[in-house]
Amino acid sequence: RYRAGQLDAAAEHYTKALSIVEYIVGVSSADQHEIDINKVTALLNLAAVSIEKKEFGAAVNFCTKAIKVSPKNLKAFVRRCKAHIGRRNYDDAKEDIESIRSLDPYGNDAAELEQKLKRQMRSDNTKDKDFYRNVVRTSS
């Protein structure tokens, strides 16, 4: 459903999956590990849908929950970083980039997200300058 662009249907599906795994308690540590894997998967899928829908706050929350369950989950940090960039929470995005870099020092994710962050910050600075330039013109 997600790949077909049916974001609301995908979100509903992932929400149902999450509600199921949240009520199951593993009998053994192996069972609990399997439950946690499914919980993290549902949370990250919900985060992906939220990012696609530009619901960045929800995406941050889903990723943070996933990180609580799986503190070294690279995908959770990558998605949360994208959501922070979308919310323009640049300091939080930078922290996630550092976490990504420490989890995967030879991967490309940190560098790619750092470039995306820089582009977004430059774009915001340009928009701010244009806005204030227009304010000064209209008040003169």
Scanning for something under 16 Å from the mean Cα position of the chain (by Cα), β-branched (V, I, T) and under 27 Å from A9 (Cβ atoms), does segment 76-83 turn up at least one residue? yes
A careful count of residues in segment 10-39 that are touching a helix residue (DSSP H, G or I) at 6+ places or on another chain (Cβ under 8 Å) and assigned to a helix (DSSP H, G or I) gives 12
Starting from residues that are of a type in the set (K, R) and more than 27 Å from H33 (Cα to Cα), keep the ones in segment 83-104 and report whichever is surrounded by the fewest Cβ atoms within 10 Å (Cβ to Cβ). R88
Hey, can you tell me all the residues within segment 14-39 that are surrounded by fewer than 13 Cβ atoms within 10 Å (Cβ to Cβ) and of a type in the set (S, T, N, Q)? S19, S28, S29
Here's a check for you: in segment 40-74, which residue that is outside any helix (DSSP H, G or I) and open to solvent by less than 40 Å² (accessible area, probe 1.4 Å) is farthest from D92 (Cα to Cα)? S70
Just to be sure, is K118 at pLDDT 95 or above, assigned to a helix (DSSP H, G or I) and at negative phi? yes
Unmet criterion (only one of (1) assigned to a helix (DSSP H, G or I); (2) open to solvent by less than 40 Å² (accessible area, probe 1.4 Å); (3) not acidic (D, E)) for G107: (1)
Taking segment 56-75 and keeping only residues that are of a type in the set (D, E, K, R) and within 10 Å of the chain's Cα centre (by Cα), one is left with K75
Looking at this structure, is S70 without any contact (Cβ under 8 Å) to a residue 60 or more places away in the chain, over 25 Å from L117 (Cβ atoms) and of a type in the set (G, A, S)? no
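The values are calculated or read from the model by the stated rules, or taken from the named source; none is laboratory data. All of these numbers come straight from a predicted model, not from anything done at the bench. All Cβ positions, glycine included, derive from the backbone under ideal geometry; neighbour counts span all protein chains shown. With ligands, DNA and RNA removed, areas are computed over all heavy atoms of the protein, side chains included. Shrake-Rupley method; radii C 1.70, N 1.55, O 1.52, S 1.80 Å.
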